[in-house]
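Step one of this worksheet: look at the structure below.
We did not get these values from a lab; they are worked out from the coordinates using the rules stated. Everything quoted here is computed from the prediction, not taken from an experiment. Every residue, glycine as well, gets a Cβ built from its backbone with ideal geometry; the counts of neighbours run over all protein chains shown.
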Amino acid sequence: MRVRFSLKLLCAVALVAVASAPAISADTTATKEKAEMCTACHGEGGISQTENIPSLAAQPDQFIQWQLVFFRGGARKNEQMQPIAEQVTNEDIRLFGAYFAALTPPKPSTDDNPDLSKKGAEAAAGRRCASCHTDTYAGTKAVARLAGQREEYLVKALHDYKSGVRSGGAGSAMTDVAYPLSDEEITALAHYLAHL
Amino acid sequence: MKSAFNRSVLALAAIVAVAGASQASAQQTGLKKYESGTKEFWTHPPDDWFLGDETEAQKGLAPPSGPPTGASEAELAALVKKIKLPAGFKIEVYAPGVLAARQMAWGDKGTLFVGSFGLGNVYAITDNGGKKEVKTILKGLNMPTGLAFRDGALYVIAVDKLIKYDNAEANLDKLGDGKVVYDDMPSYAAHGWKYLAADKDGWFYVPFGPPFNIGIPPTSVSQIRRVDPKTGNAETWALGVRNSVGGDVDPRSGKYWFTENARDWMSDDIPSDKLNMISKIGEHFGYPYCHQGDLPDPKFAMGHKCSEFTPPVLNLGAHVAPLGMKFYTGDQFPADYKNSILIAEHGSWNRHKYQGARIVRVTVGPDGKNPKEEVFASGWLEGDQGYLGRPADIILAKDGSILVADDWAGAIYRISYSK
């Protein structure tokens, strides 16, 4: 309960802050200040410490931009992110993309279940995840970094794609891939990718 | 300019971005192959359905991903300086921040409505003391690339729904859900995005593309219909059409002319995209049997000869991707532009060296004989496989200038002429 409450509060603060922030220039200090409002939820240095909130550090520039554009347009739904994204200008989106892409990626924790990771690696190979997300799962262009992402967030994202709650925007890439995944596969994939 | 950007949203094909990435990692061994002749494929196409006929020669080509937020104002200012036009013509930015801009339509009171791809926005651009204000008035529609304005109502076509929004200009902030006036259309996403062109009776010409690159199309598509938005009645007007996303009614004859994108994965230089005219109801334009008027399909000709089908008025070139087109009926341009056809070419993806991404002018009589083509505006290409922008539609303005929608740079340009 406590986590939930403080999360909401923080996000509300961030929302107000984003909405009231002056228009920013290409000035890096201003970018950093503005991006720090995101880190209230997404974690210091873009590495999330909060359940079900993804790390943004080292996500590809275009991926960050697309997601903000999707939230703003309503194609991707989330009650915290949508009101924030509606306040964000195209210029801000470009700056956020560049900012988070340049951060150091999350370091994976020690793998406490190598057997599960092995299953996940097999599922990833079978589903050809790397063909879009790249061999290192660092992502590229509009495709997300998966390596080192929070495990429970990956589970959530895959379930959202599987159920059609999230479509990834115009294309049906991830909904098509996730649709046939079993819960077991999702658990294994998330564990494997989170520990890369 | 902040307000112009605010809330404007993008949509472009993330699908496209994903495909680009999959190419970048070049993971696949062998060539991509899909069995596209099944209902399962039409209703649940894989994200990279357009790669399903990959060949060794064209391997690795995929649609490029545009900038998610279009071009910045500084980039646009630099871009328009690079556009080449005939003497006396001038291009300027009419409105930035119109992300994924596709077909345009004028409201009676001067509102410019703009459709988009992907995410599904419709924008309204209004003039606020000389400053253009871009408002996203509809969100979350299914690829609303085509729209039209008739008798005070905005019509939007979103794949399988033609939606009417009454008294639209008075209700830009609260258009509501509108009313579906025609929906006897399949929901296939691939080539399911459309274009609207009204004739003098107020019926719309509506193109239906096949849900794949090449194959025997479902009987509900690969055609052009003529749809009455008042009654929901429709006629099948032409057959054998691949992906058409542009057309206009000839002011001289009342006949419908349309652009058509030819199949991919044959080569860099064949088949050619086309400009067609429908002389009479029921004409067949060749797809999938015959391309560019003289090229039987290697697999799907199935014994048919090209002579069985209506040939194009003009072959526009391979992979130039002609989209929106308009007869020039204004008075501002030089007199010999009257009734010329201006075509927005979106440019290639399935070609090693991109071409298109320009506006061409075709001068041709109402009978379709002896067409002459020349480049009108160019300069949106960058290097062999790069874009600064991609023209997607053209509309005439009251003063005789033209507006051009660019879905890559997310902008509307104005091209005008003075002596």
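May I have the count of lysine pairs in the stretch B:51-137 with C-alpha atoms under 26 Å apart, counting pairs 8 or more residues apart or located on different chains?
Here the count comes out as 14.
Find the relative contact order for chain B and round it to a whole percent, using C-alpha pairs within less than 8 Å whose residues are 6+ positions apart.
Averaging sequence separation for qualifying contacts and normalising by length gives 15 percent for chain B.
Placing +1 at every Lys and Arg Cβ and -1 at every Asp and Glu Cβ, with all other atoms neutral, what dipole size does the protein assembly as shown have around its Cα centre, in debye to the nearest 20?
920
Under 5 Å between amide hydrogens, which residues at least 5 positions from B:F300 or on another chain qualify, with H placed 1.01 Å from N in the peptide plane?
Sorted by chain and number, the residues that satisfy this come to none at all.
How many Å³ per residue does the convex hull of the Cα positions in the stretch B:201-249 occupy?
78
Which FRET efficiency, nearest 0.05, do B:K179 and A:D183 yield, Cβ-Cβ r, R0 41 Å?
FRET efficiency, B:K179 to A:D183: 0.45.
Please state the shape class of the stretch B:228-304: rounded when a/c is under 1.5, otherwise prolate if a/b exceeds b/c and oblate if not, all from the C-alpha gyration tensor.
prolate
Positive end of the charge dipole of chain B (Lys, Arg +1 and Asp, Glu -1 on Cβ, about the Cα centre): tell me which of B:G303, B:G178, B:N213 has its Cα farthest that way.
B:G178
What percent do you get for the relative contact order of the stretch B:155-289 when only Cα pairs under 8 Å and 6+ apart count?
It rounds to 18 percent for the stretch B:155-289.
Can you pull the mean other chain C-beta count within 10 Å for peptide A:138-144?
Partner-chain Cβ atoms within 10 Å, mean over residues of A:138-144: 5.
Rounded, prolate or oblate, given the Cα gyration tensor of the stretch B:241-394, with a/c below 1.5 counting as rounded?
Judged from the Cα gyration tensor, the stretch B:241-394 comes out oblate (a/c at least 1.5, b/c at or above a/b).
Enumerate the calculated ³J(HN,Hα) couplings along the stretch B:356-371 in order (Karplus 6.51 cos²θ - 1.76 cosθ + 1.60, θ = phi - 60°), each rounded to whole Hz, writing x wherever the residue is Gly or Pro.
x, 6, 6, 10, 10, 10, 10, 10, 7, x, x, 7, x, 8, 6, x
GNM on chain B, C-alpha springs below 10 Å: top fluctuator among B:I270, B:I224, B:I359?
B:I270
Expressed in nm², what is the orientationally averaged projection area of the convex hull enclosing the Cα positions of the stretch A:38-85?
For the stretch A:38-85, averaging the hull's shadow over all directions gives 3.2 nm².
Could you tell me which of B:G130, B:P46, A:L158 has its Cα farthest along the dipole of the protein assembly as shown towards the positive end, charges placed at Cβ (Lys, Arg +1; Asp, Glu -1), taken about the Cα centre?
Result: B:G130.
Counting only C-alpha contacts under 8 Å and six or more residues apart, can you give the relative contact order of the stretch B:86-130 as a whole percent?
The value is 27 percent.
In debye to the nearest 20, how big a dipole does chain B give about its Cα centre with +1 on each Lys and Arg Cβ and -1 on each Asp and Glu Cβ?
720
Using helices alone, what [θ] at 222 nm do you get for chain B, with -39,500 (n - 2.57) per DSSP H run of 4 or more residues, divided over all residues and rounded to the nearest 500?
-2000 deg cm²/dmol
Where the centre of each part is set by its Cα atoms, how far does the stretch A:112-166 sit from the stretch B:349-372, in angstrom?
So the separation of the two Cα centres works out to 45 Å.
Divide the volume of the convex hull of the Cα atoms of the stretch B:342-418 by its number of residues and quote the answer in cubic angstrom per residue.
Normalising the Cα hull of the stretch B:342-418 by residue number yields 117 Å³.
Any idea how many Lys pairs in the stretch B:143-217 come in under 19 angstrom at the alpha carbon, given 8 or more places apart or on separate chains?
Value for the stretch B:143-217: 7.
In Å, what Kirkwood hydrodynamic radius results for the stretch B:21-148 from the alpha-carbon pair distances?
18.1
Treat each spin label as a single point 7 Å out from the Cα along the C-beta direction, and report the B:A170 to B:C306 distance in nm.
Output for this residue pair reads 5.5 nm.
Taking one equal scatterer on every alpha-carbon of the stretch A:96-177, how large is log10 of I(q)/I(0) by Debye at q = 0.11, 0.15, 0.18 1/Å?
Reported log10 I(q)/I(0), two decimals: -0.33, -0.63, -0.92.
Give me the three principal axis extents of the protein assembly as shown from the C-alpha atoms, as integers in angstrom, largest value leading.
Per principal axis, max minus min of the Cα coordinates gives 75, 60, 47 Å.
Ranking B:F41, B:F117 by Cβ neighbours within 10 Å, fewest first, what do you get?
Result, fewest neighbours first: B:F41, B:F117.
If we count every other residue with Cβ under 12 angstrom of B:Q292's Cβ, Lys/Arg +1 and Asp/Glu -1, where does the sum land?
Net local charge, B:Q292 excluded: -2.
Grab the alpha carbons of the stretch B:41-80, take their convex hull, and tell me the volume per residue in Å³.
Given the Cα convex hull of the stretch B:41-80, per-residue volume reads 129 Å³.
Just to be sure I follow: if Rg is taken over the C-alpha atoms of chain B and Rh is the Kirkwood radius over the same atoms, what is Rg/Rh?
0.94
Note down the nm distance, to one decimal, between modelled labels 7 Å out along Cα→Cβ at B:K372 and at B:A87.
Result: 1.7 nm between the two label points.
Which number do you get for Rg(Cα) / (2.2 N^0.38 Å) in the stretch B:152-296?
1.10
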